Each structure stands twice: as structure tokens, then as C-alpha cells.
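Working notes for the structure below.
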């Protein structure tokens, strides 16, 4: 099993954001990935695939703007209509 490490504050903030977005479920056993829609699951899968191909690009998007991390992160994955 792989794990990520971070400060307690960062982990708490991240869990709250992911919970509010409907991507995780908090239970007695801890935190579990559980998207509330097929669209969320598809986007998460696309993110995992992109991270596998371009991990530095994904990490740069996450950490690019400390004051608005989530917006910067989500903007990196917007699909443009042609």
C-alpha cells in the first residue's frame, strides 16, 4: 500500500474539501474514496491517468497558487468545447 504524508492541518483541510466535493466518505474505519457520481469517478480516473503520464504537471497545478489551490487544480482539468 502506498501512502502520502502531510501535516495534520493539511490532511484535515484536504479531507474536508474532498468530503464537501462528494469524493470521499468518512466512517469508523477512516476515509474511503467514494465518488457520488459517475462523472466524478470518471474525472478522478482521468486525473490518475494524467498523473501517471505527467506527474510534475499535476503537482505544479496543485501547488501553483497556495491561496487558491483547489481552483488552480480544477482549472488544470477543464475540458474546452470546440
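Where a number appears in this text, it was derived from the coordinates with a stated rule and is not lab data. Source: prediction; values computed, not measured. Note: ideal-geometry Cβ built from the backbone for every residue, glycine included; neighbour counts use all protein chains shown.
Filter segment 35-47 for residues that are free of Cβ contacts under 8 Å to residues at least 12 places away in the same chain and loosely packed, with under 11 Cβ neighbours inside 10 Å; which is nearest to residue 63 (Cα to Cα)? Across segment 35-47, the extreme among qualifying residues is 39. Taking segment 5-34 as the range and being in contact (Cβ under 8 Å) with a residue 12 or more places away in the chain and on the phi > 0 side of the Ramachandran plot as the test, only 22 passes. Among the residues of segment 14-29, those identified as touching a helix residue (DSSP H, G or I) at 6+ places or on another chain (Cβ under 9 Å) and surrounded by 13 or more Cβ atoms within 10 Å (Cβ to Cβ) are 17, 21, 23, 24, 25, 26.
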